[in-house]
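One structure below.
Where a number appears in this text, it was derived from the coordinates with a stated rule and is not lab data. These numbers were taken from a predicted model, which means no experiment stands behind them. Cβ atoms come from the backbone with ideal geometry, glycine included; neighbour counts cover every protein chain shown.
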Amino acid sequence: MTDLTDREILVIDDSPAVGIFLREFLLKLGFQKVHCCENGKIGLEAFNELIDSGKVPIVFLDYNMPDMNALSVLTQMLNVRPDVKVIIETARERSEESIKEVIAQGAYQYLSKPIRLENVKEIMKTLTAEENYKDVSPDDDVIQRVEFLITTSTRTSLTRIAQYMGKTKEEMLPIIQKLESDKKIIKLKDIKEIACPDCGLVKISQIFHCPSCKGSNFKQEKLIEHYECSNVSSANSYVDDICPKCRKKIKVLGSDYRVMDNYYLCNDCSEKFPELSTDFLCLRCNNRFEIERAKWETSPAYGRFS
Ligand SMILES: [Zn+2]
Ligand SMILES: [Zn+2]
Ligand SMILES: [Zn+2]
């Protein structure tokens, strides 16, 4: 039985209170090596240092950080270690949809704020179970393994199950049908998944980058455009409503300046853009590809019988 308590844990959160809180919880659960980082930049440096010394940390990452967008941090980590487990801390009022989005972007789980001990415990328990599951010997009961795969997630496709088990979809079908007739699982609608164009794996993660330099070091910003001198820069740069370029005061919203919400600002090349570009990363062969090159796999999905 693998015990995860000696694994390094990285907490990246700009609130020291949250950092202390999480460390307390994790210590209670037996985790000794908890490192707190106050922003994305420091967090990434600590992450890279750990990776360089051969350790893969479990990461707790705040969704809203001042210096870098969580997607940027997540993407940069996945680029280094596609198998890293990143748990995103999000405010409870975030919609179901946006949480699903974060998970689709390669995060392992989300943790809603205010953080509760039971939730941290639950996540660490699942993580430990999954790590141990990987060590299960191949002659263990195949039916049991398939049941575990299906019932521990909301829905799992036949393609994914077959790939995980290292078998063909046809070989998996009798096992799936047995679980179905035993009322352990139910068949859901077909799902279409993006697969790696080289190896066909559907376990891939979405990688976000700047459309101009392809870097992943970006943050989300509110920008202001001053019409008169055509300066566009972060709202914070207009100190006391003075335009940082022409030094004139901005006066009337809509007639001499406009606010551009939710823009991204690249920390590497200073490009400003309303939407991120994306690539996909295969978690088996590390192949990075664009959507146009993706292979699509359609297969039925299965979920827990409830
Ligand atoms: Zn691949
Ligand atoms: Zn850039
Ligand atoms: Zn100006």
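How about segment 188-266: which GluC sites (Glu not before Pro) there lie in a loop by DSSP and see at most 16 other Cβ atoms within 10 Å?
Numbers: sites: Glu193, Glu221, Glu225, Glu228; in loops: Glu228.
Counting only loop positions with at most 16 other Cβ atoms within 10 Å, the GluC sites (Glu not before Pro) in segment 188-266 are Glu228.
I'd like to know how segment 1-51 sits against the 2.2 N^0.38 Å rule of thumb: what's its Cα Rg over that expected value?
Working it through for segment 1-51, the quotient is 1.16.
Using +1 on the beta carbon of Lys and Arg, -1 on that of Asp and Glu, and nothing else charged, what's the dipole of the chain about the Cα centre, debye to 20? If you can, show how the numbers build up before the last one.
On the way: 43 positive and 48 negative charges, 90 e Å.
Here the chain has a charge dipole of around 440 debye.
How do 66-73, 264-271 rank on mean C-beta neighbours within 10 Å, highest first? List each step's numbers first, then the result.
Working: 66-73: 21.9, 264-271: 16.6.
Descending packing order for the listed peptides: 66-73, 264-271.
Using only Cα positions of segment 218-266, each an equal point scatterer, no hydration layer, compute I(q)/I(0) via Debye at q = 0.15, 0.18, 0.27 Å⁻¹ and quote the log10 values to two decimals.
Once normalised to I(0) and log-transformed, intensities are -0.33, -0.48, -0.99.
About the Cα centre, and with charges only on the beta carbon of Lys, Arg (+1) and Asp, Glu (-1), how big is the dipole of segment 4-134? Nearest 20 debye, please.
Details: 16 positive and 21 negative charges, 76 e Å.
With only Lys, Arg, Asp and Glu charged at Cβ, the dipole is about 360 debye.
Could you please rank His209, His226, placing first whichever residue has the fewest other Cβ atoms within 10 Å of its Cβ?
Values: His209 23, His226 20.
Ascending Cβ contact count within 10 Å gives the list His226, His209.
Put +1 on the Cβ of every Lys and Arg and -1 on every Asp and Glu Cβ in the chain; which of Pro197, Ser270, Phe218 then has its Cα farthest towards the positive end of the dipole?
The Cα lying farthest towards the positive end belongs to Pro197.
Just the number, please: Stokes-Einstein D of the chain in µm²/s, Kirkwood Rh from C-alpha pairs, 37 °C, 0.692 mPa s.
On the way: Rh = 21.7 Å.
My calculation gives 151 µm²/s for D.
Would you mind ranking Phe47, Phe280, Phe148 so that the residue whose beta carbon has the fewest other beta carbons within 10 Å leads the list? All intermediate terms of the calculation are to be shown ahead of the outcome.
Numbers: Phe47 27, Phe280 21, Phe148 14.
Least crowded to most crowded, the residues run Phe148, Phe280, Phe47.
Which whole number in µm²/s is D for segment 4-134 by Stokes-Einstein, with the Kirkwood Rh taken over Cα pairs at 20 °C and 1.002 mPa s? Mind dumping the intermediate values first?
Details: Rh = 14.7 Å.
Approximately 146 µm²/s, per Stokes-Einstein.
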